[in-house]
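Colleague: I'd like to ask you about the structure that follows.
Every number here is computed from the coordinates shown, using simple stated rules; none is lab data. Just so it is clear, the model here is predicted, and its values are computed rather than measured. Every residue, glycine among them, receives a Cβ derived from its backbone with ideal geometry; neighbour counts consider all protein chains shown.
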Amino acid sequence: MGQRWWDRPVLPYLVLAVSPVLTLPISLLILGSIPECAGDEPWWELRHFEIALLPGLADLLPLLWLASGTPGVRGAAIVAGLMGSARYAIPQAATLIYSTSYGDGECTISVFFVAAALVPVMLILWLVSALIVAVILLRARRAAGGPD
């Protein structure tokens, strides 16, 4: 009996690796449409900015594979889900910490925070998770006796 296409250990990792391709453009569209506070540089309210980060919930999609009946797939779902949870939670926490420390009244998220801190953090998180996924997949390939 053949393995179903969705019941493979590589899929939670692939979903995690490619989710920014979907989430980044959607987040940018949302960010461009949320109201800015008055001023000479863009500032946003925390509640509005959090909406722009919501597409990052796609980083949690690997957790769907926990429903698999295959132990290897469930293990991959746990590892990819934990990495996705970190990729979602760390930018959220950084945004919350920044908004409580800086800002003017309700307008607490600066464009400079987004460009100089949040974007690099998100990029580093994606690169680290992509590196971890690559190492895991290479080890699995070698363990299965695939070509190097």
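Colleague: Using the Cα centre of segment 10-143 as origin and beta-carbon charges of +1 (Lys, Arg) and -1 (Asp, Glu), tell me which of Ser99, Trp65, Ile34 is placed farthest towards the positive end of the dipole.
Modeller: The Cα lying farthest towards the positive end belongs to Trp65.
Colleague: When the Karplus curve 6.51 cos²θ - 1.76 cosθ + 1.60 is applied with θ = phi - 60°, which whole-Hz ³J(HN,Hα) does each residue of segment 10-20 get, with x for Gly and Pro?
Modeller: Karplus-based 3J(HN,Hα) across segment 10-20 equals 6, 5, x, 5, 5, 4, 5, 5, 9, 4, x Hz.
Colleague: Counting alpha carbon pairs within less than 8 Å and at least 6 residues apart, what relative contact order, in whole percent, applies to segment 10-143?
Modeller: That works out to 29 percent.
Colleague: If we count chymotrypsin sites (Phe, Trp or Tyr not before Pro) as exposed when they sit in a DSSP loop and have at most 11 other beta carbons within 10 Å, what is the longest stretch of the chain that avoids them all?
Modeller: The segment 7-148 is the longest one with no such site.
Colleague: State, to one decimal in nm, how far the label point of Ala144 lies from the label point of Ala130, with both points 7 Å from Cα in the Cβ direction.
Modeller: For the pair Ala144/Ala130, the computed spacing is 2.2 nm.
Colleague: Can you work out the FRET efficiency for the pair Leu137 and Ile26, with r the C-beta to C-beta distance and R0 = 22 Å, to the nearest 0.05?
Modeller: It comes out at approximately 0.25.
Colleague: Would you work out the charge dipole size for the chain about its Cα centre, treating the Cβ of every Lys and Arg as +1 and the Cβ of every Asp and Glu as -1, and quote it to the nearest 20 debye?
Modeller: That gives a dipole near 1120 debye.
Colleague: A further question on this structure: How large, in Å, is segment 10-143 by the Kirkwood hydrodynamic radius built from its alpha-carbon pairs?
Modeller: 15.9
Colleague: Where Lys and Arg each count +1 and Asp and Glu each count -1, what net charge lies around Ala80 among other residues with Cβ under 15 Å from its Cβ?
Modeller: Summing Lys/Arg as +1 and Asp/Glu as -1 gives +2.
Colleague: Note down the nm distance, to one decimal, between modelled labels 7 Å out along Cα→Cβ at Phe112 and at Glu50.
Modeller: A separation of 2.5 nm, rounded to one decimal place.
Colleague: Separate question: Measure off 7 Å from each Cα along the Cα-to-Cβ vector at Leu66 and Ala93, then give the distance between these two points in nanometres to one decimal.
Modeller: Result for the modelled spin labels: 1.9 nm.
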